[in-house]
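The values are calculated or read from the model by the stated rules, or taken from the named source; none is laboratory data. None of these values were measured; they are calculated from a predicted model. Here the Cβ positions follow ideal geometry from the backbone for every residue, glycine too, while neighbour counts run over all protein chains shown.
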Amino acid sequence: MRIPIGRILLFSILVYGGKALGGDRPNILYIMSDDHAAHAIGAYQSRLSVLDPTPNIDRLAEEGMLFENAFCTNSICAPSRACVITGQYPHTNGVHDLRGGIETERQFLPIEMKKVGYQTAMIGKWHLKEEPGAFDFYTVLPGQGKYHDPEFRVQGEKGWPKDTIQFDGYHSSDAITQITLKWLKEERDESKPFFLMHHYKAPHDYFEHAERYNDYLKDVDIPEPENLWLENQPEFGSIATLGYEGELIPHIGTSIGNRNPRRSYAVDLPKLFPKDFPPDYDPANYSNAEIKRMSYNAYLKNFLRCVKGVDDNLGKLFAYLEEEGLMDNTVIIYTGDQGFMLGEHDYQDKRWMYEESMRMPFLIRYPQAIEAGSRTDAIVENVDFAPTMLDFAGVETPDYMQGASFRAVCETGEEPEDWKKEAYYRYWMHMAHHDNPGHLGIRTKDYKLIYYYGCNYEGGYRTPPAWELYDLRKDPTEIRNVYDDPGYSHIVDVLKARLVELRERVGDDGKDFPKAEAVVQEFWDYDGEDRAKAIEISHEFLETRKAELAKKRK
C-alpha cells in the first residue's frame, strides 16, 4: 500500500533519532557488488536459497521491493558501471568494453546530486579508469584491485593516481566497509543528505575470500542447475554457440569442466583452491563428469564464501545506520554490476545475454514510501538507475540521460502506462577473455531474441552468425532455441521488427563501428545463403582456433 506523500514529506522534515536530517531529501546508499548474480541471493528463491548465503541482503527484500526483471545492457564490469554513473547506454557514453573510462565532467550522477545539496562519496571498486573527481570524497581500488592487503587511491597532495593508502592484513570487503563506516562517522556532514556509492570487489573471480570462511559450506554438496550438463539440453544454442554439428563446443564459452582447452575451472581451480579437491587429486584418476562436478562445487563454494563476506559486512553497515537513526531515512539499494553464470550451460563468467548473466539483482528499501515485501516484474535497465536515484533526491531526469526513473514502480508496485516493454542488450568484446561471440538482442517479459553476429569491432575474427529465440514462459532456463520452430515464426518477425525499433530508440545505429555494423546487417534476414555462409565461417574459425592452440603449446 502506498503511503500518502504528505505523510512522507512531514516525516522527512522532522528530527529523526535526535539528529537533524538534510532538508526533505532522503539519504541515498547505493551498494553494488561485482558479479553478484541474482540467483545467489536468498530472496530470489533460486536453487541456492536453501544455503541462506545472504540474510542481510534478504532483509532489503523483506522490508522493501525486489525487482525480478532488472537487466544490464552489457554484462561486463566497466560498461555496466558507466551506464549507472551516466544514465546512458554504452554506445552513447563510449564505454563499450573494459578499456573505457568516464572522466570527471561526465560523472553525471554525483554531479546532479551535488547540485541539490548532497554530500557525495565513492568507496570501493570504481573501475572506470579516470579519477572519480565529481565526488566530494573517494577511496577506490586501482583497476580491478586486490582481494588481500588491498591498496586504495585517495584524494591527496600528489594527485590521482599517486596518492594511495594500504590496508595490510585486510580482505577487501572488510576494508571497504571500514572505510565507509569511517566516512559516515567522521566525514559526513550532518547538515546535508548523503549520496554514497559503496562498491565491493567481491565476488569477482577468482573468489579469494577471507580466511575465516575457509570452512563455510565445506561439507555441503552445492545444488546443481538443471542446465549444467550440455548433454541434457540438446536443443540449446545454435551454430553461433556450438559450431556446425557441434564442432566449436570446445571453443565457445569458457567452461566449468574440461570442455574448453583454453580456459576451464577444471584446470584453474585445483591450483587455486586445493582444499576443495581430494588431497591426492589427479585428474587422470577421475572421469570428465566427476571432474566437472568437483570443479562446480569448488567454484560455487568459493564464490559463495565471497558473497558471505559481503553479506556479513553489510550486517555491520546496517547496524551502524540503525544506531545512528539513519536506516529509515535512507534509500538503500543493493545490486550487482551484472549477473554471473554459476555453471548454467557449463559456462563461467558473465558477458552472455542468457538470463543468469544479463539479469541483475535489484533490491530497494525505503519504508517511508516502499511497501515491505513487495515485488515487481517491471523491466528496468541499469541506465534507469541514475534517473531513479535522482528522482528520490527530487531531481528531474536530465535530457542527456537515456534512462527513465522507475520511482513510481517502487512506490506503487504498478508500471506507468508508458513504461518500457523490453530491454536492449549488446556485447562488443567478441571472443575476448571468455570466448563469447559479439551479440545483441531484445528481452521482453515473455521472450528473448539473441542475434550472434560474431565479429570484432573491425568486422573480423569471425565466428558463425545465428539467431536464438527462447520462450521464457515455457523455458525459463533457456534450454530450447525455438528460432526455427514454425510455430514461432510470427514471434520471430515481430521481435525482429521491435529490435530494429529498439536500436533506433536507444541510438545504437552502428556508426561507431561501421565494419561490425555491416556484418550485423549482412546476416539479419538469415536466409539459406546466410546459413550456408555461417557453416563456412564455423569451419574456418575451427581451423583458426586449432592453429592458435598449437602455437600456444609451442
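The table that follows gives values for the structure above.
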quantity	calculated
ARG305 vs. criteria touching a residue at least 12 places away in the same chain (Cβ under 8 Å) and in a helix (DSSP H, G or I)	yes
Where a residue in the stretch 526-554 is under 16 Å from GLU247 (Cβ atoms) and its partner, wherever it lies, is among the polar types (S, T, N, Q) and modelled with pLDDT of 95 or more, with Cβ under 8 Å and at least six apart	ILE537/THR463; SER538/THR463; PHE541/THR463
Residue list for the stretch 225-251, restricted to those being assigned to a helix (DSSP H, G or I) and in contact with a helix residue (DSSP H, G or I) (Cβ under 6 Å, 6 or more places away or on another chain)	LEU230, ILE239, TYR244
Test: residue in the stretch 141-153 that is within 22 Å of the chain's Cα centre (by Cα) and of a type in the set (Ser, Thr, Tyr)	yes
One residue from GLU396, GLU411 being in a helix (DSSP H, G or I) and either assigned by TED's automatic domain parsing to the domain that holds TYR470 or among the charged types (D, E, K, R) (or both)	GLU411
Boolean, PRO416 is free of Cβ contacts under 8 Å to residues at least 12 places away in the same chain and either among the hydrophobic types (A, V, I, L, M, F, W, C) or touching a helix residue (DSSP H, G or I) at 6+ places or on another chain (Cβ under 8 Å) (or both)	yes
